[in-house]
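Written below as structure tokens is the structure these notes are about.
The values are calculated or read from the model by the stated rules, or taken from the named source; none is laboratory data. Predicted, not measured: the structure shown is a model, and the values here were computed from it. Methodologically, a virtual Cβ is constructed for each residue, glycine included, from the backbone with ideal geometry; neighbour enumeration extends over all protein chains shown. For accessibility, only protein heavy atoms count, side chains too; no ligands or nucleic acids. Shrake-Rupley method; radii C 1.70, N 1.55, O 1.52, S 1.80 Å.
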Amino acid sequence: MILSTPLLFEPSFLSCSRVGTFSTQRKKNAFCCLNHSLKDNGVRNRFVSHQEKNLSRRFLLFILVSSGLSPTLSSSGKTKSKNPYDEKRLLEQNKRRQKENNAPEDFPNFIREGFEVKVVTSEDYIKSDSGLIYRDYEVGKGDCPKAGQQVTFHYIGYNESGRRIDSTYLQGSPARIRLGTNAVVPGFEEGIQDMRPGGKRRIIIPPELGPPVGPSTFFSSKQFEVFDIELLSIQNCQRRTIAFYSDVVCN
């Protein structure tokens, strides 16, 4: 009795380990071990069952995600969606700015969203393979200028909002350049090289055909530029050399 009393206060796994030692407690201890064994098996079965359920849920989620049928979670419903592209609103906004800047009639419209720009013009405009857009108001007469020849012309430059950025009419004298010498931006030279004297044309220069941008220019990065051009005349040019001095003279 003295030896068996402490067994009542020992942990269950210790009392179960001494089943063979005390014959008087053999049945009781055997029942105790069996009871705990069943409990352990029950806990283990519940744990295994829980793991199997988790694996089943993960497998089902994997199948749903792979098939594109994943259910919408509560957190995913709060994901910010992109606003639809509102062309009408942007078009009206551009028209309003052009009206405030007194842009000429039939001026092209620009629907801009970031760096993406859509040019809206009438059907009279032609788009070349390079991306230049133009419209002839008067064709003119005579031959088109060739590389090396000098052209004399008037122009008015505008930005996308219809604001005037430059004008030879306001300067009081026309501009003169020689074609084929990289004297003007690519889009401008392309737009004038197939004009005829007396012709009037509007050209829309995309950014990739425009000049370098910076504080010293009136061009804006990633902006389309619009020019109304009036070709006045074409002159032949020749190089003359006097002693150590050489220049080009255009008649």
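By the scheme Lys and Arg +1, Asp and Glu -1, what is the net charge of all other residues having a beta-carbon under 13 Å from that of Lys95?
Combined, the nearby Lys, Arg, Asp and Glu give 0.
Using amide H atoms built in the peptide plane, which far-off residues or other-chain residues are under 5 Å from Leu232 H to H?
The list, which skips near neighbours in sequence, is Thr152, Phe153, His154, Gly198.
Quick check on my link table: of Lys127/Lys222; Lys99/Lys141; Lys118/Lys222, which ones sit more than 23 Å apart, alpha carbon to alpha carbon?
On the way: Lys127/Lys222 18 Å; Lys99/Lys141 34 Å; Lys118/Lys222 12 Å.
Where the Cα-Cα span goes over 23 Å, the pairs concerned are Lys99/Lys141.
Under the Karplus relation 6.51 cos²θ - 1.76 cosθ + 1.60, θ = phi - 60°, what is the ordered set of whole-Hz ³J(HN,Hα) values for region 105-122, x standing for Gly and Pro?
The phi angles translate into 5, 6, 6, x, 9, 10, 9, 10, 9, x, 8, 8, 10, 10, 8, 10, 9, 6 Hz.
Please compute the length gained on full extension between Ser173 and Tyr245, using 0.36 nm multiplied by the number of residues separating them and subtracting their Cα-Cα distance.
Gain in length upon complete extension: 23.1 nm.
To the nearest 0.05, how large is the calculated FRET efficiency for Asn182 and Glu87 if R₀ is 41 Å and r is the Cβ-Cβ distance?
0.65
Listed highest first by mean packing, meaning other Cβ atoms within 10 Å per residue, what order do 156-163, 107-114, 244-251 come in?
With the highest mean Cβ count within 10 Å placed first, the list reads 156-163, 107-114, 244-251.
Ignoring ligands, DNA and RNA, what percent of the accessible area of region 144-251 is carbon or sulfur (1.4 Å)?
Working: 2740 of 5630 Å².
Summing carbon and sulfur atoms, their accessible area is 49 percent of the total for region 144-251.
For the pair Glu138 and Glu100, what calculated FRET efficiency results from E = 1/(1 + (r/R0)^6), where r is the Cβ-Cβ distance and R0 = 25 Å, to the nearest 0.05?
0.30
Please list the radius of gyration and Dmax for region 122-239, considering alpha-carbon atoms only, with Å as the unit.
When restricted to Cα atoms, region 122-239 yields Rg and Dmax of 13.8, 44 Å.
Which of the aspartates and glutamates could a cross-linker bridge to Lys88, judged by Cα under 17 Å and excluding same-chain residues fewer than eight apart?
Straight-line reach from Lys88, under 17 Å: Glu113, Glu116, Glu160.
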